[in-house]
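The values are calculated or read from the model by the stated rules, or taken from the named source; none is laboratory data. None of the values given here were measured: they were computed from a predicted structure. Here the Cβ is made from the backbone with ideal geometry for all residues, glycine too, and neighbour counts use every protein chain on show. Accessible surface areas use protein heavy atoms only, side chains included; no ligands, DNA or RNA. Shrake-Rupley method; radii C 1.70, N 1.55, O 1.52, S 1.80 Å.
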Amino acid sequence: MRGWVSIAYLAKPKNLNGGLVARGASGLPFVLYPGLRLAVVPPQLDAPRTLTVREASERADNEALVFFEEIADLSAAELLAGCELLAREDEVDLSVLEDAEELPAWEGWEVHDGAAGLVGEVAEVAERATQPLLTVRRPEGGEALIPLVDEFIVAIDEGARRIDVALPAGLLDL
């Protein structure tokens, strides 16, 4: 048991009273509820490092307007935009989280781009605040981070353990 689970991402401040638009972690249902204590990652200077949900109202699928006890105004909310929220595993209903889609086990598979050719070998498929990422070891050294989104995946060949992608220009240069 890890102890903490990433459950949401603070996308942007929403109003003068310190509300923030929160999105559920990629692939997970939205699980914020009043009274839930959360850790803010990465910690921000001059901002609370832990938050308590005061109110959460759903706005769209997997997105809500959230108010926290520790945030009273827009300037405080702006400091937290872009942060990830972690909850203790024993404070969220893990049966809800277990229903979430599992990430594919593609470690060791080759990744090929239509324009760039061989990108490299998948070192890790990891959940991130905004979306899952493929960490790909480059043949010339270093790593490439590729967002795991349907728009980039062209084909998956399980027999050959190969993923064909169509990456936006410049993504591999980052």
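Quick notes
- Residues (in a loop (DSSP other than H, G, I, E, B), in contact with a Leu (Cβ under 7 Å, 6 or more places away or on another chain) and over 13 Å from Leu172 (Cβ atoms)) located in the stretch 114-143: Glu127, Gln131, Pro132
- All conditions in (1) at pLDDT 90 or above; (2) open to solvent by 40 Å² or more (accessible area, probe 1.4 Å); (3) assigned to a strand (DSSP E or B); (4) not hydrophobic (A, V, I, L, M, F, W, C) hold for Glu70, with the sole exception of (3).
- Number of residues in the stretch 123-149 that are under 16 Å from Ala105 (Cα atoms) and free of Cβ contacts under 8 Å to residues at least 24 places away in the same chain equals 9.
- Residues of the stretch 12-46 that are within 19 Å of Leu74 (Cα to Cα) and within 11 Å of the chain's Cα centre (by Cα): Arg23 alone.
- Looking only at residues of the stretch 38-65 that are free of Cβ contacts under 8 Å to residues at least 40 places away in the same chain and of a type in the set (D, E, K, R), we find that the one that is surrounded by the fewest Cβ atoms within 10 Å (Cβ to Cβ) is Asp46.
- Residue in the stretch 15-25 that is open to solvent by 20 Å² or more (accessible area, probe 1.4 Å) and under 14 Å from Gly82 (Cα atoms) present: yes
- The stretch 144-174: number of residues that are of a type in the set (Asp, Glu) and either in a loop (DSSP other than H, G, I, E, B) or exposed (fewer than 12 other Cβ atoms within 10 Å of the Cβ) (or both): 4
- In the stretch 73-86, the residues that are within 23 Å of the chain's Cα centre (by Cα) and not in a helix (DSSP H, G or I): Leu79, Leu80, Ala81, Gly82, Cys83, Glu84, Leu85, Leu86
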